[in-house]
Amino acid sequence: MSNPTDPLQAWVASTLGITAIWLNPNAPRPPRPYATLQAISRQRIGSASMGHPNVDGDATITGDREVTLSVQYIGAADSNDPRDGYQELQTLVDSLERPSVIEALGSDGWAFIRTALLQDITAQVGTQWEPRAVVDIEFRAAATQTDQVGVVDTVKLESTLTERTEPLEVTT
């Protein structure tokens, strides 16, 4: 079963043309350059809505969520330009202006909201500088779950009218 965040990982990898992994995989680092992704926050937006139960009594509950995705670029080992990370993530952010990207992410359930500060975080690794940059990107997505709420099979109403001389019977 695929994870709902897989389309975000695919978008980063295809836009940058590099390997994109989820942060902290407890595995060796892939060859540079590569990107890491981390969902750093997920917040409920408004109230969820519940659909009508089906014949089995299952109802679908849908609510909006705002997800902040942090993307970090780790540059090539042989890069002589410390701006590489910043420029690559600027390319990623700029891709969110393309209708084809918006449509592709939207068809996978992700709506782009805004980007936060894009930062150059170049770091020294050993005796060399490693081009790095990070950007936080906010998306909206729907969270869907199913609950067994049951179904009412029969309703029986009984009533007595004191002003009538004969009883009134209602059957549904």
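Quick notes
- Meets criteria (within 30 Å of D56 (Cβ to Cβ), of a type in the set (S, T, Y), surrounded by 10 or more Cβ atoms within 10 Å (Cβ to Cβ) and touching a residue at least 60 places away in the same chain (Cβ under 8 Å)) for T91: no
Residue by residue, here is whether (1) farther than 20 Å from D136 by Cβ; (2) assigned to a helix (DSSP H, G or I); (3) modelled with pLDDT of 85 or more holds:
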{"position": "P7", "(1), (2), (3)": "no, yes, yes"}
{"position": "A20", "(1), (2), (3)": "no, no, yes"}
{"position": "G63", "(1), (2), (3)": "yes, no, no"}
{"position": "L105", "(1), (2), (3)": "no, yes, yes"}
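- The condition of being in a strand (DSSP E or B) and of a type outside the set (S, T, N, Q) does not hold for A27.
- Out of T122, T62, T115, sole residue that is of a type in the set (V, I, T), in contact with a strand residue (DSSP E or B) (Cβ under 6 Å, 6 or more places away or on another chain) and surrounded by fewer than 13 Cβ atoms within 10 Å (Cβ to Cβ): T62
- Restricting the first member to segment 1-28 and to residues that are β-branched (V, I, T), and the second to residues that are loosely packed, with under 14 Cβ neighbours inside 10 Å, the beta-carbon pairs closer than 7 Å and six or more apart or on different chains are T15/T91.
- Residue match in segment 76-85 (condition: more than 30 Å from V151 (Cα to Cα), touching a strand residue (DSSP E or B) at 6+ places or on another chain (Cβ under 6 Å) and touching a residue at least 40 places away in the same chain (Cβ under 8 Å)): yes
- Hey, L69 part of a helix (DSSP H, G or I) and either surrounded by 13 or more Cβ atoms within 10 Å (Cβ to Cβ) or in contact with a helix residue (DSSP H, G or I) (Cβ under 9 Å, 6 or more places away or on another chain) (or both) or not: no
- Of residues in segment 26-59 being modelled with pLDDT of 85 or more and of a type in the set (S, T, Y), the one surrounded by the most Cβ atoms within 10 Å (Cβ to Cβ): T36
- Residue satisfying all of: in segment 94-112; in contact (Cβ under 8 Å) with a residue 24 or more places away in the chain and not hydrophobic (A, V, I, L, M, F, W, C); surrounded by the most Cβ atoms within 10 Å (Cβ to Cβ) among these: S95
- Residues of segment 138-171 satisfying the condition of being modelled with pLDDT of 80 or more and either in contact with a helix residue (DSSP H, G or I) (Cβ under 7 Å, 6 or more places away or on another chain) or more than 30 Å from S47 (Cβ to Cβ) (or both): T154, K156, L157, E158
- Single match in G109, G57, G75, G46 (criterion: among the small types (G, A, S), over 14 Å from T15 (Cβ atoms) and under 13 Å from the mean Cα position of the chain (by Cα)): G109
The values are calculated or read from the model by the stated rules, or taken from the named source; none is laboratory data. Just so it is clear, the model here is predicted, and its values are computed rather than measured. Neighbour counts run over all protein chains shown; Cβ positions are idealised from the backbone, glycine included.
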